[in-house]
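This report concerns only the one structure given below.
Throughout, read-outs are computed from the coordinates displayed, never taken from laboratory work. This structure is a prediction, so every number in the text was calculated from the model and none was measured. We place every Cβ from the backbone using ideal geometry, glycine too, and count neighbours over all the protein chains shown.
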Amino acid sequence: MWQELHLQVRNRLEVIEGVAVEGDDRVAADLARAEVPLLVTAVRVLLEGHRPDADGYCRTCWGRRWWQRPTVPCRQYLLARTALLDLGLDSREVA
């Protein structure tokens, strides 16, 4: 099931990226109007899960041992921030 879900999301992102990079201006603008709000919502939902709890630990991530939790910002939050702010992370590096 994971593989199927992952492929659906990955394929959708590849289509969006392809049209944005290689599509003509009108198609890219139409795509942006339709897809950017969905992408923003998806990023917000993912990042919301990585907010700190009352003790400053990520509510979603766990360390190598079941009782260890990383402090915020966790690795996933930092990866999302790096990609979103275009700080040199290629999107295919984390795919």
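Worth a mention:
- Where Cys61 falls short, out of the listed (1) in a loop (DSSP other than H, G, I, E, B); (2) loosely packed, with under 12 Cβ neighbours inside 10 Å: (2)
- Flag if Leu31 is in a helix (DSSP H, G or I) and of a type in the set (A, V, I, L, M, F, W, C): yes
- Residues located in segment 64-89, provided they are closer than 22 Å to Val9 by Cβ, of a type outside the set (Val, Ile, Thr) and surrounded by 10 or more Cβ atoms within 10 Å (Cβ to Cβ): Cys74, Arg75, Gln76, Tyr77, Leu78, Leu79, Ala80, Arg81, Ala83, Leu84, Leu89
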